[in-house]
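Enquirer: Pasting a structure here, questions to come.
The values are calculated or read from the model by the stated rules, or taken from the named source; none is laboratory data. Given the structure is predicted, the values throughout are model-derived calculations rather than measurements. A quick note on method: Cβ atoms are made from the backbone with ideal geometry, for glycine too, and the neighbour counts reach across all protein chains shown. In case anyone asks, the SASA skips ligands and DNA or RNA and just uses the protein heavy atoms, side chains included. Shrake-Rupley method; radii C 1.70, N 1.55, O 1.52, S 1.80 Å.
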Amino acid sequence: TESEFNNNKDITILSIGNLRPVKGYDKAIEACKMLKEKGYKFKWFVLGEGNDRARLEKMITANELGKCFFLLGLKDNPYPYIANCDIYIQPSRYEGKCVSVREAQMLNKPVIITRYETSSSQLNDGVDGIIVPMENVACAEQIARVIRDKELQKRLIEECEERDYSNREEVEKIYRILIDRE
């Protein structure tokens, strides 16, 4: 719920995307279960809506994760959520170019993504984010490593702060081309 997000004192994990199988939230729930069993104190919030909601809600209930995994639905403005999370995770099975990953990097958040086909074009593994295996146990172990390793989180944040993730240079090139045509 909204109050869980706003009043959370534990580590805040955020994911954003449609609730569809391709987005991998079933895998996120499995990772959440493993992290909870290992005693990590966190809350994982998901922004988005979709036809997989009922199945995911059943998984959350069946795994007794109602106090640590939350489906918050669609939000008009995701930026306050991104700005107030500790770690952003994209658990997708497939992505083209994930906008919310870039937004999290622009807001200087440690980012974790799964090793989908285009993941290496999204971030530089170990530099401005972490790419984790699709396999549930290895994925949970790598998320746990990022949660534990405050120095790694700090390095990821600093790397994001130093990069310009905007398309300013590309926009300026287009602008110059248009001016030259006049």
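Enquirer: Tally time: how many residues in the range 39-49 are at positive phi, surrounded by fewer than 19 Cβ atoms within 10 Å (Cβ to Cβ) and under 19 Å from the mean Cα position of the chain (by Cα)?
Expert: Number of matching residues: 0.
Enquirer: Checking the condition touching a strand residue (DSSP E or B) at 6+ places or on another chain (Cβ under 6 Å), modelled with pLDDT of 95 or more and of a type in the set (D, E, K, R), which residue from D86, D26 passes?
Expert: Criteria check complete, one pass: D86.
Enquirer: Restricting to the range 55-75, count the residues that are more than 14 Å from E37 (Cβ to Cβ) and within 21 Å of the chain's Cα centre (by Cα).
Expert: Result for the range 55-75: 12.
Enquirer: Taking the condition of being under 18 Å from G66 (Cβ atoms), open to solvent by 30 Å² or more (accessible area, probe 1.4 Å) and in a helix (DSSP H, G or I), how many residues in the range 6-38 meet it?
Expert: Qualifying residue count, the range 6-38: 6.
Enquirer: Does the range 51-69 contain at least one residue that is touching a residue at least 40 places away in the same chain (Cβ under 8 Å) and aliphatic (A, V, I, L, M)?
Expert: Looking for residues that are touching a residue at least 40 places away in the same chain (Cβ under 8 Å) and aliphatic (A, V, I, L, M), one finds none in the range 51-69, hence no.
Enquirer: When you scan the range 55-104, how many residues do you find that are touching a Leu at 6+ places or on another chain (Cβ under 8 Å), over 14 Å from A28 (Cβ atoms) and open to solvent by 10 Å² or more (accessible area, probe 1.4 Å)?
Expert: Within the range 55-104, residues that are touching a Leu at 6+ places or on another chain (Cβ under 8 Å), over 14 Å from A28 (Cβ atoms) and open to solvent by 10 Å² or more (accessible area, probe 1.4 Å) number 6.
Enquirer: Where the second residue is open to solvent by 10 Å² or more (accessible area, probe 1.4 Å) and charged (D, E, K, R) and the first is under 18 Å from F45 (Cα atoms) and lies in the range 91-105, which pairs have Cβ atoms under 8 Å and are six or more apart or on separate chains?
Expert: Filtered contacts from the range 91-105: P91/K23; P91/K27; S92/K23; V101/E95; Q105/R163.
Enquirer: Same structure again: Looking at the range 19-51, which of its residues are out of contact with any helix residue (DSSP H, G or I) (no Cβ under 7 Å at 6 or more places or on another chain) and more than 21 Å from I82 (Cα to Cα)?
Expert: P21, V22, K33, K36, E37, G39, N51
Enquirer: Say whether the condition of being farther than 27 Å from E4 by Cα, assigned to a strand (DSSP E or B) and either open to solvent by less than 30 Å² (accessible area, probe 1.4 Å) or polar (S, T, N, Q) (or both) is met by at least one residue in the range 117-131.
Expert: There is at least one residue in the range 117-131 that is farther than 27 Å from E4 by Cα, assigned to a strand (DSSP E or B) and either open to solvent by less than 30 Å² (accessible area, probe 1.4 Å) or polar (S, T, N, Q) (or both).
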